[in-house]
Structure formats: C-alpha cells, structure tokens
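Take a look at the structure set out below.
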Amino acid sequence: MAYVIGPDVSFYQDDPQTPQGIDFIKMRKAGAGYIIIRAGQNLWADRDFKANWRESKLAGLPRGSYWFYDSRADPKKQAELWVSLFDGDFGELPLWCDFEDNYGGSFRGWKHWYNFIERLKALTPNKEIGVYTAYYYWLENMAGVPTASVNYFKQFPLWIANYGTNSPLVPKPWTANEWMLWQFTDNGNGGIYGVESGNIDLNYFNGDEAAFRQRFGLSEIPIPDPDTQPESGMFRVTVPSLKVRNAPSLTAPQIGSILLNEVVEEIGANPGRTWLNVRKLDGSLTGWSFSAYLQRISGTTPTPTPEPEPEPEPTPEPPPDEEDENWYRVTASSLKVREGPGLTFDSIGLVYFGELVEKIGATSDGTWLNIRNTNGTLTGWSASEYLISVHSPVPEEPPATTPVPDHSDRNWYRVNTVTLNMRETASTSAKILGTVLKNDTIPALDDASDPSWVKVQRLDGLTGWCSKSYLVLLGNGRPTSIRQSLVSGVTYLRKDLTTPRPNVVHVIAIDLQTAKLEFLVTPSPNTSNVLCTRVTSAFLEEFKLHVAINGGYFSYMDASIDPATYCPNGGLPVRVSDYAASRGKIYSPQKTAQPVIYIGQKNQVTVNKEQGRVFNAIAGDRIVVNGGAVVKNLAANAPNPRTAVGLNKNARWLTLMVVDGRLPGYSEGVTFPELGEILISFGVHTGVNMDGGGSSTMAIKGIDGKARILNSPVDMAKPGRERAVANHLGLFIRP
C-alpha cells in the first residue's frame with residue numbers, strides 16, 4: 001500500500017533573516033499530501049504559525065496543527081491559547097496534542113494531559129483531537145497508571161514517532177496497526193520540500209490517497225494542483241490575492257496583483273500550463289499568474305467586477321523643518337521591505353533589528369511606512385508596528401575602544417617554556433612587566449634590533465622584551481590559529497576558516513574550576529526588565545570586568561518613554577525579551593521558548609535547568625548543539641555574524657564564541673548548522689546561539705584598563721562600530 005506522505009513544520013523550518021518563508025507550492029509538487037503545523041508551546045505561539053497556516057491553505061494542502069505540551073505551564077491556559085490562534089479555521093486534519101515534554105514541570109504527567117485535552121474538547125466540541133508521542137516515552141510515562149486511565153486516551157487517533165523501522169512500535173492502549181500517522185524520520189531532505197532547514201520531519205498516513213480523502217471528508221473538495229491544465233478563456237481568481245509577475249516563475253518580480261473573484265482573460269500559457277499569461281478586463285495589468293489559483297468560467301465575457309478600493313496614497317513628503325522627525329529604528333529581528341504598502345506585495349529586501357531607516361512616506365492610516373535605509377541602497381514599504389521613531393540620528397563619535405591590531409605583516413612566535421617573562425628592555429636585569437605562557441602565539445614588534453631578544457605584544461596591549469631562546473618562529477604573517485592565555489584558566493583562541501567561506505572565529509575558553517572567577521549579567525537599575533543600552537566595551541569598563549560578550553534579544557520601548565529621562569547617562573530604554581537575572585536579582589522573569597543559561601554563585605553552569613537559587617541567568621536565541629551533536633532542522637539561513645555560549649560534557653569548560661560576518665573576503669559569517677559544527681570542534685556538548693548580527697562583540701580589558709575589541713563588529717554596515725544592546729555576559733577575575 002502506498003502511504004500518503006506529509007511533513008510537519010515549525011518556525012525552525014523558516015529562516016527569519018531571509019525574505020521568503022516555506023514554499024508550500026514546492027512542498028506540494030514534491031508529493032506532500034498534507035501538512036501538520038506547530039502552533040506553539042507553553043504560553044507562546046509559534047512565530048510562523050499564522051503565516052504557515054494561511055500559505056499552506058493557499059497551496060491546497062490539507063492542514064493539521066500540533067501543540068507541544070509543556071509541563072511548566074497551566075494545561076488549560078495552553079489549550080485556550082492554542083484555540084485562540086485559529087480565528088475559526090481549525091483546518092482539515094485533527095488538532096494533535098504533542099506529548100514528549102521532559103522539562104519536569106509541576107504540570108507533568110497524564111493527569112495534566114487529561115486536563116489539557118478536556119479543555120481543548122470543551123473549546124472545540126466539533127473538532128477531532130489526536131495524540132502525538134513516541135513509543136518508549138509513552139511507556140515510561142504510563143508505567144503504573146491504572147488501566148482505566150490509560151484507556152481514556154484510546155478514543156483519540158495516534159500519531160506515533162518511531163524512526164528506522166519498517167513499521168512503528170505502538171504502545172497500549174492502541175493496537176499494533178491502530179495508528180493514524182507515523183513520523184518515520186526526522187531527517188527528510190528539507191530542500192526538496194521547500195523549507196530552509198536542512199532536515200524535515202516526514203510522516204505517513206495509515207492508508208492510501210482514497211482512504212485519506214475519505215477519512216477527512218476531502219473526496220468532494222477540489223484541491224488546487226500546480227500541474228493541472230486549465231482550459232483557455234476567462235478565469236476567476238480563487239484566492240484572496242494572486243500575484244501577477246513579469247515572467248512565468250516564482251522568482252520573477254511581481255508587477256501587481258488580482259483579487260478574489262476578479263475575472264481575467266488568458267492570452268497565453270507556458271508549455272505545461274502551470275502558468276497563465278493573463279490580462280485584466282480593463283487592460284490595466286498584464287502578466288503571469290499561477291494557474292492553480294485560476295478557475296475557468298463559462299459563458300461570454302462577463303461584466304467586469306468592480307475595482308477594489310485603491311491602496312491609500314502615500315502622504316506627501318514633509319516640509320524640511322519636519323525632517324528631523326522622520327527617522328525610525330527597527331524593532332523586529334528582521335523586517336521585510338516590500339514593493340508596496342501591503343502583505344500582497346513582494347519582499348525586496350530586509351532591514352535588521354536596531355537599524356535606522358528614514359521615512360519618506362506613509363499610508364493615510366499610518367500602518368505602512370515608505371522607508372529608505374541609511375546608505376540609500378534599499379527603498380520600499382514596511383509595517384509601521386515594527387518601527388519606532390527616534391528622531392534624526394545624531395552623528396556618532398568614533399568608537400573609544402581599541403581594536404586589537406591584526407599584525408598580519410609581522411613575524412609570529414610560539415612560547416616554548418612554561419612561563420616567559422616580558423621585560424622593559426632587552427636585558428635579563430630589566431624590570432619584569434608581565435609574562436606569556438607556554439604555547440601562546442605572539443607577534444613580534446621588533447626581532448631584528450637584538451639577535452637574542454624579541455619585542456612582543458600581548459592581546460591586552462602590553463609590550464615587552466622576551467628571550468628569543470624560548471620562542472619558536474612560526475613565520476611571517478598572522479597564523480591561521482592563535483592561542484593566548486589571558487589569565488590562569490582563561491584562554492583566547494582564534495581560528496581562520498576557509499570553507500565553506502572565509503570566516504574568523506574568536507573563542508574564550510574558561511575553566512570553571514579556576515578560583516577567583518566571578519560572572520556578571522548586566523544588572524537592571526530597578527525591578528523591571530527595562531534597561532538602558534550600552535555597547536559591550538562600555539559594559540566591560542563600567543563594571544571593571546576582564547571579558548565581555550553581548551547577550552540576548554531585546555526590543556525598543558515606545559515613544560511614551562523619554563530616553564533622556566529614563567537613561568540620563570546615555571543609551572536608549574529597551575526591554576529584555578526573555579529571562580534574565582543578575583547577582584541573584586531576577587529582573588526579567590518571563591520564560592519563553594528561548595534557552596536560558598544559568599550561572600550559579602559558585603560558577604556552576606547549566607542550560608535550561610535551574611540549580612537552586614538563581615544567581616546569574618541570560619537567555620539565548622536557540623540551542624544549536626545538544627548532546628554533542630548539531631540540532632536537527634535548524635534553519636539553513638543566510639550566513640551572519642554569530643555570538644554563542646557553549647558548555648563541555650562535564651560542565652567544566654565554558655566557551656564564549658563570536659564569529660565575524662558581513663565582511664566580504666575576510667569573514668562572511670555562518671549559518672546555524674555551521675555554528676553548531678564549529679562549537680563542536682571546540683569541545684562543546686551543549687551550545688546556545690545568542691543575539692548575533694550587528695550585536696556580536698567580544699571585548700577584553702586592556703593593560704590601560706580600557707576595553708579592547710577582539711573581533712570585528714559591523715553595526716549598520718559600518719565595520720568596527722559596536723552596537724548598543726540591552727544585556728551582556730561578563731567575567732571578572734579577582735586579584
């Protein structure tokens with residue numbers, strides 16, 4: 001029997017930093033007979049759910065939804081949030097309750113699953129509900145549960161996860177072949193199915209196409225098929241808005257759109273008739289549209305349907321004396337810039353979190369702004385809800401921090417003794433200024449003046465003379481791998497990569513068993529999660545730290561909060577997006593889907609697992625390494641600068657990592673899967689991606705007490721400039 005195949009997807013299948021989402025047309029053409037879409041987890045919705053729900057319907061895919069049950073949140077509230085997301089459209093397949101949680105929260109176990117399902121039943125009395133689980137997970141969690149209670153779940157169809165077998169193992173109370181869906185792999189080819197992650201979950205329906213249609217009442221419901229060949233003549237649009245392009249291709253530019261029930265005339269078609277060349281009846285628009293969404297109508301040429309209300313005209317340019325009010329800051333991680341003021345217009349590019357843009361127009365209701373980026377290379381329309389007015393940007397002073405010199409034109413040496421003194425002059429009787437340690441790699445500022453001595457420079461800027469007898473010449477030019485001890489137990493490593501593209505990786509490895517280490521997450525000035533932005537170097541200097549990196553995500557406050565009043569010492573008021581604590585004070589208590597790094601008072605570090613009283617905590621973006629392996633189904637997004645925090649298997653070594661990006665030919669950035677592979681190469685067992693892009697910064701304390709930047713940050717396309725962010729993670733070494 002030929003099972004009907006269908007993927008399940010979540011926001012992990014979409015790269016938020018690219019204009020496109022999941023290509024459900026491509027998914028359909030690849031043979032998918034249905035789609036199951038993640039709606040959310042805990043008390044938050046999947047950020048892509050509504051878009052995926054809408055777009056998959058337009059592609060003609062029967063839809064199911066699943067909710068990842070989270071034992072840390074009230075079951076009834078989870079069910080209520082799930083139902084609220086649908087706006088009455090619950091799809092064609094069941095609502096799947098995903099039971100695989102291992103968080104160990106206060107709502108764990110079958111009794112709370114029962115409450116979750118019963119609340120869902122009460123809210124959706126006419127909708128079928130199903131259970132998703134894995135065989136061994138179900139056995140472990142149902143051990144010792146009374147048979148009558150186990151049998152309660154038999155009334156619900158089963159979606160079973162079981163990989164690498166010819167048929168799935170099915171737990172009681174269901175019988176061996178009593179499954180509706182079988183998730184047979186989590187390693188499907190994502191590219192084939194139109195997603196941006198490398199891998200994708202794939203499922204079988206327990207039956208053929210005819211059984212599938214009959215089971216869900218789809219036998220009499222026509223489903224658009226991209227390969228059908230509609231007849232020539234007049235056609236009616238069958239979707240809310242259909243793009244018209246200048247060529248028969250999804251990559252061709254959009255030149256307009258036609259709306260639901262609008263009638264158009266066919267004037268041509270491509271060879272397979274998957275695309276029709278259509279003309280509006282008033283002759284105002286001619287171009288190519290996808291034939292799957294055009295339905296032939298009989299009879300003579302109909303009376304043209306009334307034209308829809310035109311989009312509001314942009315407001316005129318403001319007079320010159322108002323131009324200082326026309327600057328806005330992006331508050332979304334990435335924001336699409338479209339050809340016109342509406343979701344039906346094609347995306348032509350992206351602006352990023354914290355970026356400044358200039359308003360050059362707006363719709364009459366202010367919901368869309370016509371914007372231009374600071375270098376004038378991108379102009380288009382963006383939704384105003386993700387833009388906050390900051391008035392005209394003030395020219396910035398050059399950064400006060402000192403970047404570490406590249407020294408690519410110098411000879412480099414490796415230290416070949418346990419400890420080597422750095423002296424004020426080239427003499428064994430000269431004053432000792434500091435030391436370098438065994439296997440440190442250091443540049444020579446002068447190795448020609450004296451045949452027995454070399455003048456070297458450390459990362460912190462200290463210069464001094466070392467005996468050449470204890471140095472091994474590595475050659476001229478910076479080595480591709482650099483190592484230097486900052487203090488005992490804290491080591492800096494740099495590695496230059498050439499594949500799959502040029503990249504520079506900066507790592508600080510910290511032995512957590514080293515005495516005299518103290519960590520600090522940026523504190524809040526009060527009890528709220530509103531902070532004033534600082535660049536990472538300013539954070540390091542203000543709190544007298546030795547090492548610092550940028551932290552997690554944040555959002556800018558609305559215009560009702562006056563920056564000058566709230567942040568009299570500089571910066572902008574921002575809100576930390578996820579969980580955060582500093583020195584025992586939890587100032588941002590909300591827990592979301594983002595991973596949390598906990599650092600105890602004795603420097604014990606865990607990810608997503610509290611150990612006693614919370615001391616320092618900071619949230620990241622997503623886990624990219626779990627159990628020493630790259631997490632599957634990470635979005636294969638565009639390469640970008642990255643900041644990451646990693647922990648080795650026995651939790652002794654903490655890794656702070658920054659990968660430079662947006663510097664063509666020098667360091668172009670990495671994707672999430674690539675970041676995971678790099679972390680593993682440095683011994684990371686659990687790795688968390690933090691806020692990256694223009695925020696990525698790594699700084700150390702210089703010998704003069706000022707911060708020195710180890711990486712090459714790029715803020716708003718300006719290399720060398722740091723971005724002011726909300727919180728940071730720092731390290732202090734007690735004397």
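The values are calculated or read from the model by the stated rules, or taken from the named source; none is laboratory data. Please read all numbers here as calculations on a predicted model, not as lab measurements. Every residue, glycine among them, receives a Cβ derived from its backbone with ideal geometry; neighbour counts consider all protein chains shown. The area values use the complete protein model at the heavy-atom level, side chains included, leaving out ligands, DNA and RNA. Shrake-Rupley method; radii C 1.70, N 1.55, O 1.52, S 1.80 Å.
The table for this structure:
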quantity	calculated
Failed condition for F672, given (1) closer than 24 Å to G720 by Cα; (2) at pLDDT 95 or above	(2)
Residues (assigned to a loop (DSSP other than H, G, I, E, B), open to solvent by 10 Å² or more (accessible area, probe 1.4 Å) and in contact with a strand residue (DSSP E or B) (Cβ under 8 Å, 6 or more places away or on another chain)) located in the stretch 49-85	L85
Scan of the stretch 27-56 for residues that are in contact (Cβ under 8 Å) with a residue 12 or more places away in the chain and of a type in the set (D, E, K, R), ordered by number	R28, K29, R38, D46, R47, D48, K50, E55
Any hit, the stretch 597-608, residues being touching a residue at least 60 places away in the same chain (Cβ under 8 Å) and of a type in the set (G, A, S)	no
Tally, over the stretch 444-498, of residues that are closer than 17 Å to M698 by Cβ, touching a residue at least 24 places away in the same chain (Cβ under 8 Å) and open to solvent by 60 Å² or more (accessible area, probe 1.4 Å)	1
Counted residues, the stretch 257-305 - those being assigned to a loop (DSSP other than H, G, I, E, B), at pLDDT 80 or above and either of a type in the set (G, A, S) or under 23 Å from S347 (Cα atoms) (or both)	3
The listed residue being open to solvent by 10 Å² or more (accessible area, probe 1.4 Å) and either modelled with pLDDT of 95 or more or closer than 24 Å to E196 by Cα (or both), out of I618, I680	I680
Selected residue (criterion: nearest to A134 (Cα to Cα)) from residues of the stretch 195-217 that are small (G, A, S) and open to solvent by 10 Å² or more (accessible area, probe 1.4 Å)	G198
From N141, N187, residue being touching a strand residue (DSSP E or B) at 6+ places or on another chain (Cβ under 9 Å), part of a helix (DSSP H, G or I) and open to solvent by 10 Å² or more (accessible area, probe 1.4 Å)	N141
Answer residue from the stretch 712-735, given it is part of a strand (DSSP E or B), aliphatic (A, V, I, L, M) and within 21 Å of the chain's Cα centre (by Cα) and is surrounded by the most Cβ atoms within 10 Å (Cβ to Cβ) among those	V725
Lone qualifier among N326, N370 - being of a type outside the set (G, A, S) and modelled with pLDDT of 85 or more	N370
Subset of the stretch 683-711 that is at positive phi and in contact with a strand residue (DSSP E or B) (Cβ under 9 Å, 6 or more places away or on another chain) - its residue that is surrounded by the most Cβ atoms within 10 Å (Cβ to Cβ)	G693
Yes/no for A644 being closer than 26 Å to G198 by Cα, touching a residue at least 24 places away in the same chain (Cβ under 8 Å) and assigned to a strand (DSSP E or B)	yes
Residue in the stretch 641-677 that is most open to solvent (accessible area, probe 1.4 Å), counting only those that are farther than 18 Å from P595 by Cα and polar (S, T, N, Q)	N650
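The rows are residues; the columns are (1) of a type outside the set (S, T, Y); (2) open to solvent by 10 Å² or more (accessible area, probe 1.4 Å); (3) more than 24 Å from G705 (Cα to Cα).
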position: P500; (1), (2), (3): yes, yes, yes
position: V507; (1), (2), (3): yes, no, no
position: I510; (1), (2), (3): yes, no, no
position: T522; (1), (2), (3): no, no, no
position: N526; (1), (2), (3): yes, yes, yes
position: A538; (1), (2), (3): yes, yes, no
position: V547; (1), (2), (3): yes, no, no
position: G551; (1), (2), (3): yes, no, no
position: F554; (1), (2), (3): yes, no, yes
